[in-house]
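A.B. asks: Questions regarding the structure given below will be posed in turn.
The values are calculated or read from the model by the stated rules, or taken from the named source; none is laboratory data. Here the structure is a predicted model, which means the values were calculated and not measured. As a convention, Cβ positions derive from the backbone with ideal geometry for all residues, glycine included, and neighbour counts pool all protein chains shown. For accessibility, only protein heavy atoms count, side chains too; no ligands or nucleic acids. Shrake-Rupley method; radii C 1.70, N 1.55, O 1.52, S 1.80 Å.
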Amino acid sequence: MQILAVSLRGKLLKIGTKGTIKPFSNFNAAEDVEKLRKAMKGIGTNEDNVIDVIANRTLAQRQEIKTAYKASVGKDLEDDLKSELTGHFETVIIGLLTSSILYDVQELKKAMKGAGTDEGCLIEILASRSTKDIHDINTNYILKYGKSLEDDICSDTSFMFQRVLVSMAAGGRDQSDNVNDDLAKQDAKDLYEAGEKKVGTDEVKFLTVLCTRNRKHLLKVFDEYKKISKKDIEASIKSEMSGNFEDALLAIVKCTRSKPGYFAERLYKSMKGLGTDDSTLIRVMVSRCEVDMLEIRSEFKKMYGKSLYSFIKGDTSGDYRKVLLKLCGGED
């Protein structure tokens, strides 16, 4: 329960007008439990009714449904749903029932489990979450796995990529809105001299500035950098860095400029071309539906000329498609 409490507080603070999932009016947990029980009764499952309840309630309301279900049935709702559902549809539904911080914790662990690493997942979560969320993730990671997030990062990654992940996972970013013009100019100069101006690159300088300064200050640094180097910071990172380290620094810059824009790009890349990166598609849709999905949809249309809804519709099928379209919230 400790995990839930911390996570719920973090999530409740985020619920606002920018999400597609809103509090369900006339909410009644007992009635929802009854609907879910009927949906799972007998042979076969009424998936539409499962979607109707789970994807039309906020995370806080879903937690109440879980508690009411356990009280009246004597079993965990997740366990019953897992025995009834399959595939990507099951993954979405279980994800929606998981408190936000715990969801991030599980996704981070999954990204480092077994052979191979999902570097994109590690970058996405650590670059986009608030400092408070990062601290809660660290606390709950140890509670759940008995090992620190930093330890797992260090045993699963290496070199500068490891260092930037550890830096982001430390949650040490300045939380003020203060912009020091002189420091911004100095930071921009330092970055220029650490990259474009010299042979070789001082990666640590990029890491220090990008992982510790506050958002407003960084935006000023980016402006100053363009004045000095005559190019965007992103272009310099692309020409100076490579691999996962480059991806991580670019993610920090993109999230600083526009988180909805960053997530729109993540969603686009998960669906473009042959095949679908379902784990990224699911994670972004589940984790952002109550936070900023309306803004992500708007950025997606602006950036790619087509709606997110139409992309999901063309790239998925069945109940998996139905639930994702519900989280998307409509056509633009």
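A.B. asks: From the set of residues in the range 187-203 that are touching a residue at least 24 places away in the same chain (Cβ under 8 Å) and open to solvent by 10 Å² or more (accessible area, probe 1.4 Å), which is nearest to L126 (Cα to Cα)? Can you show your working first?
C.D. replies: At the first step, the residues of the range 187-203 found to be touching a residue at least 24 places away in the same chain (Cβ under 8 Å) are 187-189, 191-192, 195-196, 201, 203.
In the following step, the residues that additionally are open to solvent by 10 Å² or more (accessible area, probe 1.4 Å) were identified as 189, 192, 196, 201, 203.
On the way: K189: 26, Y192: 25, E196: 27, T201: 24, E203: 19 Å.
Here the answer is E203.
A.B. asks: A follow-up question, please. How many of the residues making up the range 221-230 are open to solvent by 60 Å² or more (accessible area, probe 1.4 Å), within 16 Å of D190 (Cβ to Cβ) and not hydrophobic (A, V, I, L, M, F, W, C)?
C.D. replies: Just the residues of the range 221-230 that are open to solvent by 60 Å² or more (accessible area, probe 1.4 Å), to begin with: 223, 226-228, 230.
Those left that are additionally within 16 Å of D190 (Cβ to Cβ): 223, 226-228.
Checking the rest, the ones that are also not hydrophobic (A, V, I, L, M, F, W, C) come to 223, 226-227.
Final tally of qualifying residues: 3.
A.B. asks: Another question about this same structure. Pick out the one residue from K238, K259 that is over 16 Å from the mean Cα position of the chain (by Cα) and either basic (K, R) or under 27 Å from D133 (Cβ atoms) (or both). Reasoning before the result, please.
C.D. replies: Details: K259 fails: over 16 Å from the mean Cα position of the chain (by Cα).
The match here is K238.
A.B. asks: Separate question: Just for the range 175-186: of the residues that are within 26 Å of H135 (Cα to Cα) and either acidic (D, E) or in contact (Cβ under 8 Å) with a residue 40 or more places away in the chain (or both), which one is surrounded by the fewest Cβ atoms within 10 Å (Cβ to Cβ)?
C.D. replies: Among those residues, the one meeting the criterion is D177.
A.B. asks: Being within 15 Å of L327 (Cα to Cα), among the polar types (S, T, N, Q) and surrounded by fewer than 19 Cβ atoms within 10 Å (Cβ to Cβ) is the filter here; which residues of the range 50-74 pass it? Full working, then the answer.
C.D. replies: Residues of the range 50-74 that are within 15 Å of L327 (Cα to Cα), as a first pass: 50-59, 62.
The next check asks that each one be among the polar types (S, T, N, Q); those that pass are 56, 58.
Residue satisfying the conditions is N56 alone.
A.B. asks: Moving to a separate point now. Given the criteria part of a helix (DSSP H, G or I), out of contact with any Ser or Thr (no Cβ under 7 Å at 6 or more places or on another chain) and touching a residue at least 24 places away in the same chain (Cβ under 8 Å), does A235 qualify? Spell out the reasoning first.
C.D. replies: Numbers: part of a helix (DSSP H, G or I): yes; out of contact with any Ser or Thr (no Cβ under 7 Å at 6 or more places or on another chain): yes; touching a residue at least 24 places away in the same chain (Cβ under 8 Å): no.
Against the criterion (part of a helix (DSSP H, G or I), out of contact with any Ser or Thr (no Cβ under 7 Å at 6 or more places or on another chain) and touching a residue at least 24 places away in the same chain (Cβ under 8 Å)), A235 does not qualify.
A.B. asks: How do the helices (runs of 4 or more DSSP H) wholly within the range 243-332 filter down when requiring 1 or more residues that are surrounded by fewer than 17 Cβ atoms within 10 Å (Cβ to Cβ): which remain? Let's see the steps before the verdict.
C.D. replies: Values: elements: 243-257, 259-271, 278-288, 293-304, 308-315, 318-328.
Output list reads 243-257, 259-271, 293-304, 308-315, 318-328.
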